[in-house]
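Here's the structure, in C-alpha cells; my notes come after.
The values are calculated or read from the model by the stated rules, or taken from the named source; none is laboratory data. Please read all numbers here as calculations on a predicted model, not as lab measurements. Cβ placement follows ideal geometry from the backbone for every residue including glycine, while neighbour counts extend to all protein chains displayed.
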Amino acid sequence: MKAEDWDELAVTPDRSLEDLVRAILPQLGEDPEREGLQRTPARVAKALQFLTSGYRADIPKIVNDALYTVKYDEMVIVKDIEFFSLCEHHLLPFFGKMHVAYLPKDKVIGLSKLPRIVDAFARRLQIQERLTQQVAQTIQEAIDPVGVGVVCEARHLCMMMRGVEKQHSGAVTSAMLGAFRDCKETRDEFLALVNHRMNGA
Ligand SMILES: [Zn+2]
C-alpha cells in the first residue's frame, strides 16, 4: 500500500476499518456474508477504535484539570488500577493491575485522574514496559514530585492463547523515578505496600 492510500484511509477511518476487517474474514476461511458475521466488521471496527482511543486522549487536559498545591509530603499510593491494553506485536490483549505511587513536593494530582492516565496509555498498541514508563513519566512531568513509582502486573493473551511460554504469561514491570530510584527506603516502602496486597490477593 502506498503512503497516499494510507492518507485516504485516515480521512474516513471508521468506514475503511470496517472494510478492512471484512476483507480479513475470507482470509481466515470464513464467509463474511454468514448471518452471524454480517455485522462483525462494524463491531470490530468500533471495538478497535475504542481500544485505541488513548491515541486521541488529551493528556494535558486530563492532568491539568486536577492539580492542587498542598503541603503534604507522605507517599500517595493508588493500588490495583485495572487496565486492558493490546500488545503491539500480536494485537492481542494484555491486562492486569497497576500500582502507582508518588512523593509530593508541593503539588498533588486528583486521585481519580491516575486511572484516567493509565487508560490513556493502555488504550493503544503497547508493550508493558513502555506503558509502565509512560504512566510514571506523565506524573513526573505533571507535578514534579520528589519521586514516582509504578508497578504493573499483567497477563498476556498472546502467550496464554497461543500455547507458548504459558508459564511466563504473567509479567511484572516497574518504573522508578527520583526518590523511588535513588532511595532504597522509599522504594522498599512502596514495594512493601504493593507486595502486601499482591501476596494477599
Ligand atoms: Zn504479544
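Worth pointing out:
- Failed condition for LEU91, given (1) within 23 Å of ALA171 (Cβ to Cβ); (2) surrounded by 17 or more Cβ atoms within 10 Å (Cβ to Cβ): (2)
- Scanning segment 69-87 for residues that are surrounded by fewer than 20 Cβ atoms within 10 Å (Cβ to Cβ) and within 16 Å of the ligand (Cβ to nearest atom) yields PHE84, CYS87.
- Test: residue in segment 99-112 that is more than 16 Å from the ligand (Cβ to nearest atom), modelled with pLDDT under 95 and closer than 19 Å to SER53 by Cβ: yes
- Taken over segment 112-126, the criterion of being under 8 Å from the mean Cα position of the chain (by Cα) and outside any helix (DSSP H, G or I) is satisfied by ARG123, ARG124, GLN126.
- For HIS90, the criteria (1) within 16 Å of the ligand (Cβ to nearest atom); (2) within 15 Å of the chain's Cα centre (by Cα) hold in every case but one, which is (2).
- In segment 145-165, residue farthest from ILE77 (Cα to Cα) [restricted to those that are more than 16 Å from the ligand (Cβ to nearest atom) and small (Gly, Ala, Ser)]: GLY147
- Among residues of segment 138-163, those that are in a helix (DSSP H, G or I) and either small (Gly, Ala, Ser) or in contact with a Pro (Cβ under 6 Å, 6 or more places away or on another chain) (or both), counted: 2
- Residues of segment 166-200 that turn out to be modelled with pLDDT of 85 or more and within 16 Å of the ligand (Cβ to nearest atom), as a count: 3
- Single match in GLY96, GLY54 (criterion: closer than 16 Å to GLN133 by Cα, in contact (Cβ under 8 Å) with a residue 12 or more places away in the chain and not in a strand (DSSP E or B)): GLY54
- Evaluation of ALA142 against (1) surrounded by 15 or more Cβ atoms within 10 Å (Cβ to Cβ); (2) within 16 Å of the ligand (Cβ to nearest atom); (3) not aromatic (Phe, Trp, Tyr) (one fails), failing number: (2)
- Residue check for GLN140: of a type in the set (S, T, N, Q) and closer than 30 Å to VAL70 by Cα: yes
- When ASP119 is tested against (1) over 28 Å from ALA47 (Cβ atoms); (2) at pLDDT 95 or above, just one condition goes unmet, and that condition is (1).
- Qualifying residue in segment 60-67 (condition: assigned to a strand (DSSP E or B) and either surrounded by 12 or more Cβ atoms within 10 Å (Cβ to Cβ) or away from the ligand (no atom under 16 Å from the Cβ) (or both)): yes
- ALA101 within 15 Å of ALA57 (Cβ to Cβ), surrounded by 16 or more Cβ atoms within 10 Å (Cβ to Cβ) and of a type in the set (Gly, Ala, Ser): no
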